[in-house]
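One structure is given below, encoded as structure tokens.
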């Protein structure tokens, strides 16, 4: 009986300690949010962990998307994998940056390092949100954080772009839409023009990863970049592209998961979207 009572008492102490910690954490975050407001920043803080915050968008819909990514189990798992392959790295190329959540997370998790980030986004609404993200998160880190309104693909020139409510896709080659023409560049030429030597590259472009990697996989292999890429199987199939071939090309370029295991292509292509956090193979 005494042993059972002791276990119950210990459990109650742990529950009380957890409750006190949650109250203290809530107060700390509330105080930080109040200081943000008092300093004239109307944006809302979001927390990656107890010590690391980033500032979300003033657009409620975008802020909620970020909040979900930072809280939901599957989304945090993806972000954990991204940060794992980014450990010790300081140069980041964010292709399909959207409002800049990955860029912001890379930036604020290296507050004392001189980082170099290039965030690329072709959609006008998303790009404006990205500029806002840079403005309000820049004080939380150090280094250079540059933005570019462009499409990364397998050729240099201009391309039609079909915007949506929040995002969009490039138009097929030859499509005419004079109101949404944006600059198009291959990865290597983009990095050369902007003086970027990427150590980590993220690609999330709604199936346009096909063109990006067809035009830049050799460069990423040469530069030995870590690679976080979303492969959109359903969207690729809808465009007549072979997702398994793209995954084979990534595998043949030497990219592996962070633990060194190879991509299970047969299993991966069964899903609708695969989020891969990869490191270069051994030289």
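Read the figures in this text as sums done on the coordinates, not as results from a lab. Just so it is clear, the model here is predicted, and its values are computed rather than measured. Because the Cβ atoms are built from the backbone with ideal geometry, glycine has one as well, and the counts that use them run over all protein chains shown.
With r as the distance between the Cβ atoms of residue 67 and residue 237 and R0 = 22 Å, compute the FRET efficiency 1/(1 + (r/R0)^6) and round to 0.05.
With a Förster radius of 22 Å, E is 0.10.
Along the Cα→Cβ direction, 7 angstrom out, place labels at residue 265 and residue 222. What is the inter-label distance in nm?
2.4
Taking the Cβ of each residue in 185, 148 as the centre, tally the other Cβ atoms inside 10 Å and list the residues starting with the fewest.
By the 10 Å Cβ count, ascending, the order reads 148, 185.
Provide the percentage of antiparallel DSSP beta bridges, counting only those with both residues in segment 65-147; round to the nearest 5.
0
Starting from the 7 Å offset along Cα-to-Cβ, what nm value, one decimal, do you get for the label separation of residue 14 and residue 162?
The modelled label-to-label distance comes out at 5.4 nm.
Put a dot 7 Å past each Cα toward the Cβ at residue 252 and residue 59; how far apart are the dots in nm?
For residue 59 paired with residue 252, the spin-label model returns 3.9 nm.
Taking a ≥ b ≥ c as the square roots of the Cα gyration tensor eigenvalues, with a/c under 1.5 meaning rounded and otherwise prolate when a/b beats b/c, else oblate, which class fits segment 56-279?
Because its axes are fairly even, with a/c under 1.5, segment 56-279 counts as rounded.
Using the beta-carbon distance between residue 155 and residue 244 and R0 = 22 Å, what value does 1/(1 + (r/R0)^6) give for FRET efficiency, to the nearest 0.05?
0.35
Arrange 68, 251, 228 by Cβ neighbour counts within 10 Å, fewest through most, would you?
In increasing order of surrounding Cβ atoms, one gets 68, 251, 228.
Just want the ordering: 266, 121, 67, from fewest to most Cβ atoms lying within 10 Å of their own Cβ.
With the fewest neighbours first, 266, 121, 67 line up as 266, 67, 121.
Tell me, what is the FRET efficiency for residue 181 and residue 128 to the nearest 0.05, using R0 = 22 angstrom and their Cβ-Cβ distance as r?
0.75
So how much slack lies between residue 113 and residue 193, counting 0.36 nm per residue of separation and subtracting their Cα-Cα distance, in nm?
26.4 nm
Which whole-number percent gives the relative contact order of segment 56-279, counting Cα pairs below 8 Å spaced six or more residues apart?
Once normalised by length, the contact order is 18 percent.
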